[in-house]
Amino acid sequence: MSYVFQPAPVVSVPVLGSGAQFPAHRIYCVGRNYEEHAKEMGFTGREPPFFFMKPADAIVYAAPGSTTPLPYPSLTANLHHEIELVVAIGKGGKNIPAAQALEHIYGYAVGLDMTRRDLQNDMKKQGRPWCIGKGFDHSAPIGPITPAAQAGDVAKAAIWLQVNGADRQRSSVAQLIWNIAETIEHLSKAWELQPGDLIYTGTPEGVGAVVTGDVLEGGVEGLGSIKLQLV
């Protein structure tokens, strides 16, 4: 087959303790999935889950034990951090019942949903899509994927983020409004999930702005941590 230009390489994330790579298909993100974060964004209650997407090539791999450079994006003066548990889908399907959802999970990772908050808020006020606030280049940092069997009790794991060594976000995955299985059930009604899909499951309270030079370090209990510096 002849292409008009060389296709981009497959975007992938290393699997912890293995030479294998997890090829990324799509990135789905869950909005306002921790109650206290929903409140700080001006919302309350257990509203039905909603989703947005990031391109797979927005991934920035943050290797354990190192500080990964993260470019500060264009067009924003209010870049926010959002620490998240990421679910890696290993078996696809649609209309997946919550009772069977965990069978579709390959593993888990620590991720950041970086957000151009000013652009997102402007789009909200105008009733326009806010892809520009969420789906920009380098907006999806992620650590290695830990296979599910090695990840421990992720559903009750502590989740945290520090900026320059000071706590910003600290909660538990148990505080998810829609838990992992319920999220997969809802998501698979709207899209047929595929192996390689990554689900950023939402962020707890404490989101805030970061600037060039700041060091972000965050993690999920049982999955280790990632560390990045804005450049």
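The values are calculated or read from the model by the stated rules, or taken from the named source; none is laboratory data. Here the structure is a predicted model, which means the values were calculated and not measured. Cβ placement follows ideal geometry from the backbone for every residue including glycine, while neighbour counts extend to all protein chains displayed. SASA here: full protein model, heavy atoms, side chains in, ligands and nucleic acids out. Shrake-Rupley method; radii C 1.70, N 1.55, O 1.52, S 1.80 Å.
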Surface share of carbon and sulfur [accessible, 1.4 angstrom probe, percent] for the range 136-226: 47
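Express in nm, to one decimal, how much length is gained between Lys94 and Tyr3 on full extension, taking 0.36 nm for each residue of separation and deducting their alpha carbon distance. Walk me through the numbers on the way to the answer.
Details: separation 91, 0.36 × 91 = 32.76 nm, distance 3.21 nm.
Stretched out fully, the Lys94 to Tyr3 stretch lengthens by 29.6 nm.
Hey, what D do you get for the range 110-153 in µm²/s if you plug the Kirkwood alpha-carbon radius into Stokes-Einstein at 25 °C and 0.890 mPa s? Could the numbers behind the result be given before it?
Working: Rh = 12.3 Å.
Estimated via Stokes-Einstein, D reaches 199 µm²/s.
Over the chain, what is the mean sequence separation of C-alpha contacts under 8 Å (at least six apart), divided by residue count, expressed as relative contact order in percent?
Details: 563 pairs, mean separation 73.5, N = 231.
With pairs under 8 Å counted, the relative contact order is 32 percent.
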Computed P(r) (all Cα pairs; the range 1-42; 5 Å bins; percent): 5, 15, 11, 11, 13, 13, 13, 9, 4, 4, 1
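Can you tell me the accessible area per residue over the range 98-152, all protein chains present, probe 1.4 angstrom, in square angstrom?
On the way: 2340 Å² over 55 residues.
Roughly 43 Å² per residue, with all protein chains present.
Out of all Cα-Cα pairs in the range 25-107, roughly what percent, to the nearest whole number, are more than 20 Å apart? Walk me through the intermediate numbers first.
On the way: 1806 of 3403 pairs.
The share of Cα pairs beyond 20 Å in the range 25-107 comes to 53 percent.
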Modelled label-to-label distance, Ala20 and Met53, 7 Å Cα→beta-carbon offset: nm? 2.6
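When N is the residue count of the range 61-189, what does its C-alpha Rg come to as a fraction of 2.2 N^0.38 Å? Please list the in-between numbers first.
Values: Rg = 16.3 Å, N = 129, 2.2 N^0.38 = 13.9 Å.
Normalised Cα radius of gyration, the range 61-189: 1.17.
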Please sort by residue number the trypsin sites (Lys or Arg not before Pro) in the range 27-87 whose DSSP state is loop and whose Cβ has at most 14 other Cβ atoms within 10 Å. Arg46
³J(HN,Hα) computed for each position of the range 171-188 - Karplus, 6.51 cos²θ - 1.76 cosθ + 1.60, integer Hz, glycine/proline x: 7, 9, 4, 4, 8, 4, 5, 10, 5, 4, 5, 5, 4, 4, 4, 5, 4, 6
Along its three principal axes, how long is the chain when you only count alpha carbons? Whole Å, largest extent first please. 46, 40, 38
How much accessible area per residue does the range 1-74 have, counting only protein heavy atoms and a probe of 1.4 Å, in square angstrom? 58
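Estimate the FRET efficiency between Asp137 and Glu192 by the formula 1/(1 + (r/R0)^6), using the beta-carbon distance for r and 35 Å for R0, to the nearest 0.05. Walk me through the numbers on the way to the answer.
Working: r = 27 Å, r/R0 = 0.77.
For Asp137 and Glu192, the calculated efficiency is 0.80.
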Using every pair of alpha-carbon atoms in the range 150-201, split the distances into 5 Å bins beginning at 0 and state the percent of pairs per bin, rounded to integers. 4, 16, 20, 21, 17, 13, 6, 3, 0
Proximal aspartates and glutamates to Lys227, defined as alpha-carbon separation beneath 16 angstrom and excluding residues fewer than eight positions away on the same chain: Glu82, Glu84, Asp113, Asp167, Asp214, Glu217
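When the accessible area of the range 48-90 is computed with all protein chains present and a 1.4 Å probe, what percentage of it is carbon and sulfur?
62
Please work out how much length the chain gains when fully extended from Ser12 to Val231, using 0.36 nm per residue of separation minus the C-alpha to C-alpha distance, in nm with one decimal. Don't skip to the end; give the middle numbers.
Values: separation 219, 0.36 × 219 = 78.84 nm, distance 2.30 nm.
Between Ser12 and Val231, full extension yields 76.5 nm more.
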What span do the alpha-carbon atoms of the range 137-231 cover on each of the three principal axes, reported in whole Å from largest to smallest? 41, 29, 24
Quick one: of the DSSP bridges fully inside the chain, what percent are antiparallel, nearest 5? 80
For a label point 7 Å along the Cα-to-beta-carbon line of Lys39, residues of the range 196-231 with backbone N under 15 Å: 204-207
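How much length, in nm to one decimal, is gained on full extension between Lys125 and Ala63, taken as 0.36 nm per residue of separation minus their Cα-Cα distance? Walk me through the numbers on the way to the answer.
On the way: separation 62, 0.36 × 62 = 22.32 nm, distance 3.75 nm.
Value of the extension gain: 18.6 nm.
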